[in-house]
Amino acid sequence: MGAWVAAAIFPTVRSAPRVMEKIMKPEPREATPSSYEFGKFLLVPERQALLESGTQVRIGGRAFEMLTVLVTCAGEVVSKRELLERVWPDTVVEESNLKVHMAALRRVLGDDPSAARYVATVTGRGYRFIAEVTAHTSPAGRASSSTSTPRRSNLPAGRASVLGRDDVIDMSWDELTQCRLISIVGAGGVGKTTVALAVAERALGAFKDGVWLIDLASLTEPHEMPGAIASAMGLALHGPGEWAALCEHLRELALLLVLDNCEHLIDGAARYAAQILATAANVKILATSRAPLQMAGERVRRLAGLCAPPRSERLNATQALRFPAIQLFVERATSSFERFEFHDADAAAISEICRRLDGLALAIELAAACIPAFGVGGLLGQLDNRLHLLMGRRAGPERHRSLAASFDWSHALLSEAEATVLRAVSVFDGEFDCPAAAAVTDLSLEQTTEALGTLAEKSLVTANFGGPTVSYFLPETTRHCCLERLALSGQEHLVRFRLAHHRRGALDQQGAALSPRDTGQQPPNSPCSHCGTKRGAACEAPPITPSKGHHDQSKKLPEHLSRCSGCHARVHAGPCRTAATIA
């Protein structure tokens, strides 16, 4: 009986592990792709990563989700409605927002809508991903193989999309194939580094010994440059002979050096760059600075602000998005505030914001980050306080954390005469010439002319060569910064008095050259049609004096002059630019 029981029980016990093995072992199923390869890109949805030739590309969250949807449905038409539902679930979003992020995605991919390689528009239906896609069950193999290759660059991973700079990037790249030194020059915050990095990325395959970025912003003395270059390239060079050793190392190499932020070390940067180019025949240099290096063979590419709609145009949201300044604002606003939507009603206000910020990329990005706090209308209403409003970054270079910091970086590099002239000319609300600038300073015409030339070279003043003589003007953002500096200097009332005196003299000089028929004046003995004062009689207006208590009157100089006998006709005749400006 016991043997029978044992025989009946123990086989069951012995077979238990096999039963458990069957239960624990999952049924084989098709592996879900964890990465997708197309062209030179690798998409890894689990890591929220897009790599281009092994380097991570910076891409917005919405654009990444759109790419993931399109790639996983490669070859199929994905309707706009489906994209909106999958990328913005449970949120009502206008189609214009979809277009913004689609444009951003195409820029990251380097795709042209008119000759698409990756994302094609199917008119009236949606979008189709048209490139060949290879799905991988694990990206590990790709990742490990990429790390085994020698390091040939230190360019930062995750580059941002570049807006409105295709032409200058193309021209700079073409020039780089023809010459050995290119300087990208422009005002602080205009986007010089962004353009330089875009050019450098194109050059990655063109230089067998790599592309190396050297950020000079943190250096305080020119003699630190050799160590910075060596460190960027991973070289261990120290001691008094490091510069000679570096030149010898570069002699047989073919590479591109990107010298970023040269302005505060301009003379030293030019000296070291000249020696490198003389020593190493196959080395080229791409520099960024707020002023040119002034070297033989240098090609200068000046950057202006991003293009914004002119005031004369009344555009809807879709039309406004043709302008890169608007594209940048909307992209950054959406990143800062996911519920932000660009409506037709916002187009005029956002266009005005971008215009008043002179198309400066840094200023536009800082302004867009304020949308969650103020909204579009509130932000526009507070732009007069832009120096204190636009300071929202906690990371990145100190000079890029606020609009004031960017200006302070430039202002600190000026001589005393240059700073004096820059503050003084901020009282002009339009164009001015050298004699007018000299009139509001305590400098000679020669000193003022020299200072203005240097300020224009340093991208702080804009020169206009369109007329018979050179005229100048301050971009609005720069002027706003300078006005605050002028107020802090305690010289504002004196400078405004000088401006009033200069304008009155200009009006008197112009008026004396006009006949009564030219000006429309009445006969000498008849009263002025404006103030009733007979010609030649004493002025009824109160005097303007250079005291602080009266400096506000100098701002009302046209009114003051118009009360003088015969001045009304002169002011409104507008015989010269100065008269027309103050009228």
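One table, with the values for the structure above:
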{"quantity": "Qualifying residues in the range 403-423 (those that are among the hydroxyl-bearing types (Ser, Thr, Tyr) and within 24 Å of the chain's Cα centre (by Cα)) - the one modelled with the lowest pLDDT", "calculated": "Ser406"}
{"quantity": "Count of the range 117-154 residues which are open to solvent by less than 40 Å² (accessible area, probe 1.4 Å), closer than 22 Å to Glu65 by Cα and modelled with pLDDT of 75 or more", "calculated": "8"}
{"quantity": "Residue list for the range 447-470, filter: surrounded by fewer than 19 Cβ atoms within 10 Å (Cβ to Cβ) and either touching a Pro at 6+ places or on another chain (Cβ under 9 Å) or within 21 Å of Ala291 (Cβ to Cβ) (or both)", "calculated": "Gln447, Thr449, Glu450, Gly453, Thr454, Ala456, Glu457, Thr462, Ala463, Asn464, Phe465, Val470"}
{"quantity": "Count - residues of the range 429-448 that are under 27 Å from the mean Cα position of the chain (by Cα) and in a loop (DSSP other than H, G, I, E, B)", "calculated": "3"}
{"quantity": "Residue count for the range 472-497, restricted to those that are within 18 Å of Pro435 (Cβ to Cβ) and crowded, with 20+ Cβ neighbours inside 10 Å", "calculated": "5"}
{"quantity": "Residues of the range 339-354 satisfying the condition of being in contact with a helix residue (DSSP H, G or I) (Cβ under 8 Å, 6 or more places away or on another chain) and either among the acidic types (Asp, Glu) or in a helix (DSSP H, G or I) (or both)", "calculated": "Glu341, Asp344, Asp346, Ala347, Ala349, Ile350, Ser351, Glu352, Ile353, Cys354"}
{"quantity": "Pick from the range 296-317, criterion in contact with a strand residue (DSSP E or B) (Cβ under 6 Å, 6 or more places away or on another chain) and in a loop (DSSP other than H, G, I, E, B), ranking: nearest to Gly164 (Cα to Cα)", "calculated": "Glu298"}
{"quantity": "Any hit, the range 333-343, residues being modelled with pLDDT of 85 or more, surrounded by fewer than 23 Cβ atoms within 10 Å (Cβ to Cβ), within 19 Å of Cys307 (Cα to Cα) and under 19 Å from the mean Cα position of the chain (by Cα)", "calculated": "no"}
{"quantity": "Options Ala187, Ala157; residue that is at pLDDT below 90 and either outside any loop (DSSP other than H, G, I, E, B) or open to solvent by 10 Å² or more (accessible area, probe 1.4 Å) (or both)", "calculated": "Ala157"}
{"quantity": "Residue check, Cys307 in contact (Cβ under 8 Å) with a residue 12 or more places away in the chain, closer than 23 Å to Thr193 by Cβ and buried (at least 18 other Cβ atoms within 10 Å of the Cβ)", "calculated": "no"}
{"quantity": "Residue within the range 225-232 that is closer than 26 Å to Phe207 by Cα, surrounded by 13 or more Cβ atoms within 10 Å (Cβ to Cβ), modelled with pLDDT of 90 or more and in contact with a Pro (Cβ under 7 Å, 6 or more places away or on another chain) present", "calculated": "no"}
{"quantity": "Within the range 243-264, tally of residues that are in contact with a Leu (Cβ under 9 Å, 6 or more places away or on another chain) and either part of a helix (DSSP H, G or I) or modelled with pLDDT under 90 (or both)", "calculated": "7"}
{"quantity": "Sole residue being touching a Gly at 6+ places or on another chain (Cβ under 7 Å) and not in a loop (DSSP other than H, G, I, E, B), chosen from Ser410, Ser426", "calculated": "Ser410"}
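The values are calculated or read from the model by the stated rules, or taken from the named source; none is laboratory data. What you are looking at is a predicted structure, and each value in this text was computed from that prediction instead of being measured. Backbone-built Cβ (ideal geometry, glycine too); neighbour counts: all protein chains shown. For the accessible areas, the whole protein counts, side chains as well, though only heavy atoms, and no ligand, DNA or RNA atoms are used. Shrake-Rupley method; radii C 1.70, N 1.55, O 1.52, S 1.80 Å.
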